[in-house]
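Notes for the one structure printed next.
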Amino acid sequence: MNRLWAGILVILTCSSTIAAQQAPPPGRPPPSPGAATSQQQAPADYSQEAFVIESYATTARYENDGTGERDLRVRIRVQSDAGVQQLGELVFGFNSANEQMDVRSVRVRKADSTVVAAAPEAVKEMTATVARDAPIYTDYKEKHITVPALHTGDTLEYEIVTRLVTPLAPNEFWYEHNFLEGAIVLDERLEVNVPAGRAVNLQSPGFPYEKEDASGRTIYRWKRATLTHPSDEQQAKTKSKKSEPKPPAVQLTTFASWGDVAGWYAKLEQGRTQPTPEIRAKTLELIQGRATELDKIQALYWYVSKNIRYVSLSFGLGRYQPHSAAEVFA
């Protein structure tokens, strides 16, 4: 039946095309032989871009036990000194408590086809800025890579692999992804690879994808390109909108419901709020001589507000399991 409808559609399309060629609209002269050629769009000119991302491919693979691996492969054509400055150092973050990052390769391909590869000493593991402010609250670290001999006209290529070696939630996994914005990207691809038969909740509004089952795996694939910059009008509209958090372009999780998430987190939180003898003693000291319940609450509030430092870190960046009351008090 689908083939029948396809055939009818082709016939109707061809018929309407022939009729249009045979009888041009009244009052409109027939097109000249060179008109079609002159109306074709000229190739896009990206020569004024600081750099052009020729290829940006992300592959995320997960296993049933919650472990996984993310692979990033990128190729960028550098076209100006501004591009050299922006790409002279690459920075990638990871959570050292449960992830391992491997810099597979960083190389610069010259116009004469010679290749300059980054030496091992070009890669340095550093504590992230946020971790310097709150070192005991986050395991977030960064790989800083100095790109060797990068000049205008070169092509930068790199591959970064991040392995999730300790599942955050045993037998569960989740992933989110945002496609590139603000740069010219000729070919951007995302592939998410999960065990076949594993129920996942996938959200990707506005970003179509393909799904394939092969060799005991289910693979989701996205392909897109960003060939223009937003116009001034589009940028103005974006700025005029209320500053609401923008959801990720792709979200995937094996958790069936928020109730399942709450059950997992309840186990992480269990026992972390229990007061120690030291905390109880300090509490009695602070409320001593306070007659009413409100006076006691105010005394405890003022002590906590002045002596307990609050650090705002998002989940994941600031770990998922709360610190114990004893650790915070210490």
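Output the residue which, of all residues in the range 273-316 that are assigned to a loop (DSSP other than H, G, I, E, B) and either basic (Lys, Arg) or farther than 30 Å from ASP139 by Cβ (or both), is modelled with the lowest pLDDT.
My answer is ARG309.
Of the conditions (1) hydroxyl-bearing (Ser, Thr, Tyr); (2) assigned to a strand (DSSP E or B); (3) more than 17 Å from the chain's Cα centre (by Cα), THR228 fails just one. Which one is it?
Tallying (1) hydroxyl-bearing (Ser, Thr, Tyr); (2) assigned to a strand (DSSP E or B); (3) more than 17 Å from the chain's Cα centre (by Cα), THR228 fails exactly one: (2).
Determine whether VAL194 is under 28 Å from LEU313 (Cα atoms) and open to solvent by less than 70 Å² (accessible area, probe 1.4 Å).
So VAL194 fails the test.
So in the range 199-214, with the set limited to residues that are closer than 18 Å to TYR62 by Cβ and small (Gly, Ala, Ser), which one is surrounded by the most Cβ atoms within 10 Å (Cβ to Cβ)?
For the range 199-214, the residue satisfying everything is SER204.
Within the range 260-286, can you find the residues that are open to solvent by less than 60 Å² (accessible area, probe 1.4 Å) and of a type in the set (Val, Ile, Thr)?
VAL261, THR276, ILE279, THR283
Looking only at residues that are open to solvent by less than 50 Å² (accessible area, probe 1.4 Å) and of a type in the set (A, V, I, L, M) in the range 161-177, which one is nearest to ASP71 (Cα to Cα)?
It comes out as VAL161.
Does the range 196-210 hold any residues that are out of contact with any Ser or Thr (no Cβ under 7 Å at 6 or more places or on another chain) and not in a loop (DSSP other than H, G, I, E, B), and which are they?
LEU202, GLN203, GLU210
Take ILE297 and tell me if it is out of contact with any Asp or Glu (no Cβ under 6 Å at 6 or more places or on another chain) and either open to solvent by less than 60 Å² (accessible area, probe 1.4 Å) or touching a residue at least 60 places away in the same chain (Cβ under 8 Å) (or both).
No: the conditions fail for ILE297.
Take SER257 and tell me if it is modelled with pLDDT of 90 or more, within 23 Å of GLY66 (Cα to Cα), open to solvent by 80 Å² or more (accessible area, probe 1.4 Å) and of a type in the set (Ser, Thr, Tyr).
no
Condition check: out of contact with any strand residue (DSSP E or B) (no Cβ under 9 Å at 6 or more places or on another chain) and either more than 30 Å from GLY197 (Cβ to Cβ) or in a strand (DSSP E or B) (or both). Does ASP65 satisfy that?
no
Can you tell me which of ARG104, ARG77, ARG163, ARG73 is more than 30 Å from ARG217 (Cβ to Cβ), at pLDDT 95 or above and of a type outside the set (Val, Ile, Thr)?
Exactly one residue qualifies, and that residue is ARG77.
I'd like to know if the range 254-269 contains one or more residues that are under 23 Å from the mean Cα position of the chain (by Cα) and aromatic (Phe, Trp, Tyr).
yes
Could you please give the count of residues in the range 81-118 that are open to solvent by less than 40 Å² (accessible area, probe 1.4 Å) and either free of Cβ contacts under 8 Å to residues at least 60 places away in the same chain or outside any helix (DSSP H, G or I) (or both)?
14
Could you tell me which residue of the range 135-160 is modelled with the lowest pLDDT, considering only residues that are in a loop (DSSP other than H, G, I, E, B), crowded, with 16+ Cβ neighbours inside 10 Å and of a type outside the set (S, T, N, Q)? Give the derivation first.
Within the range 135-160, the subset in a loop (DSSP other than H, G, I, E, B) is 135-139, 147-154.
Of the ones still in play, those that are also crowded, with 16+ Cβ neighbours inside 10 Å are 137-139, 147, 150, 154.
Filter once more, keeping what is of a type outside the set (S, T, N, Q): 137, 139, 147, 150, 154.
Details: TYR137: 69, ASP139: 81, VAL147: 97, LEU150: 97, ASP154: 97.
The residue in question is TYR137.
The values are calculated or read from the model by the stated rules, or taken from the named source; none is laboratory data. Note that this is a predicted model, so its numbers are computed, not measured. Using ideal geometry, Cβ is built from the backbone for each residue, glycine included, and neighbour counts are taken over all protein chains shown. Keep in mind that these areas ignore ligands, DNA and RNA; they rest on the heavy atoms of the full protein, side chains included. Shrake-Rupley method; radii C 1.70, N 1.55, O 1.52, S 1.80 Å.
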